[in-house]
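Derivation of every value follows stated rules applied to the coordinates shown; laboratory data play no part. Keep in mind that what you see is a predicted model, and the values were worked out from it rather than measured. All Cβ positions, glycine included, derive from the backbone under ideal geometry; neighbour counts span all protein chains shown.
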Amino acid sequence: MDPLHDSKSKLEIIEVMGNDLTVVNAARVSFSKHANVLESRDSKLIQYLAKNGHISPFFHPQIRMRIKMPIFVAREWFRHTIGFARNEVSRRYVDSPPEIYIPGELRERDPNLKQGSKLNTVEDNDAIVKEMVACLDHSVQCYSSLLDSGVAPEMARMILPQTMYTEFIETASLYAYARLCKLRLDPHAQKEIQQYAEAIDVQMREHFPVSWAALMT
């Protein structure tokens, strides 16, 4: 099952450099050793490395993705900087109609938390979502009107909401993604960013089954 919350979102792997054996050989080079096939002892080595904080071998595998998410999620995602490189679509140059994420349910604020929300939706959810949609539609229409009036895209974009989608190419190490997922899969993380972390988790388990299991333990 795709853990992403709507059809417009995207998390697409472009390129994977390395596998579990990459981690093993990065570690074994200390003894001038090299393995061509992953054996049971290699799996134990990976587990040992992760358990004891020997993280440098996990930086050698690299993953390149194309990701599409709402801006309010991306700004949290971009807080993860160590081990990441990103290039993002710029609305200084792009003036195509923006795509907007609209939630079907608005979670209620939790007064006991400085951040976060309850699981239940607010009262009159449908009416509030409808009001939200009207506001977002007006914002997009205003953006289009500004462009039609000759306003430069770099200025017109200021009217667009945080719920607009952005898209970027991201390259990161296996360890960097493990650190991100450990933080963003936590129940206290915002639900929307958890869903992207879940999608990363699915991909990493497929490409690095031994290393990912060890890092996420």
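Structure data summary
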read-out	value
Two-decimal log10 I(q)/I(0) for the chain, as the Debye equation yields it once each C-alpha is a single scatterer, q = 0.13, 0.18 Å⁻¹	-0.84, -1.27
Tail beyond 13 Å, pair distance distribution of region 17-90 (Cα, percent)	72 percent
Gain upon complete extension [Asn19, Met155; 0.36 nm per residue less C-alpha separation]	44.5 nm
Within the chain, helix-based [θ] at 222 nm, where runs of 4 or more DSSP H residues each add -39,500 (n - 2.57), nearest 500	-13000 deg cm²/dmol
Full-extension gain in nm, Ser40 to Val122, via 0.36 nm per residue minus C-alpha separation	24.3 nm
Cut-off 15 Å, label 7 Å out along Cα→Cβ of Ser90, residues of region 136-155 by amide N	153-155
Estimated FRET transfer efficiency (Asp186, Ser30; beta-carbon r; R0 35 Å; 0.05)	0.55
Listed residue pairs exceeding 28 Å between alpha carbons, taken from Lys8/Lys182; Lys10/Lys118; Lys51/Lys118; Lys51/Lys114	Lys51/Lys118; Lys51/Lys114
Inter-part distance where region 165-217 and region 128-157 are each reduced to a Cα centre, Å	33 Å
Coarse-grained scattering of region 107-159 at q = 0.19, 0.21, 0.28, 0.31 Å⁻¹, given as base-10 log I(q)/I(0) from a Debye sum over alpha-carbon atoms	-0.72, -0.76, -0.98, -1.07
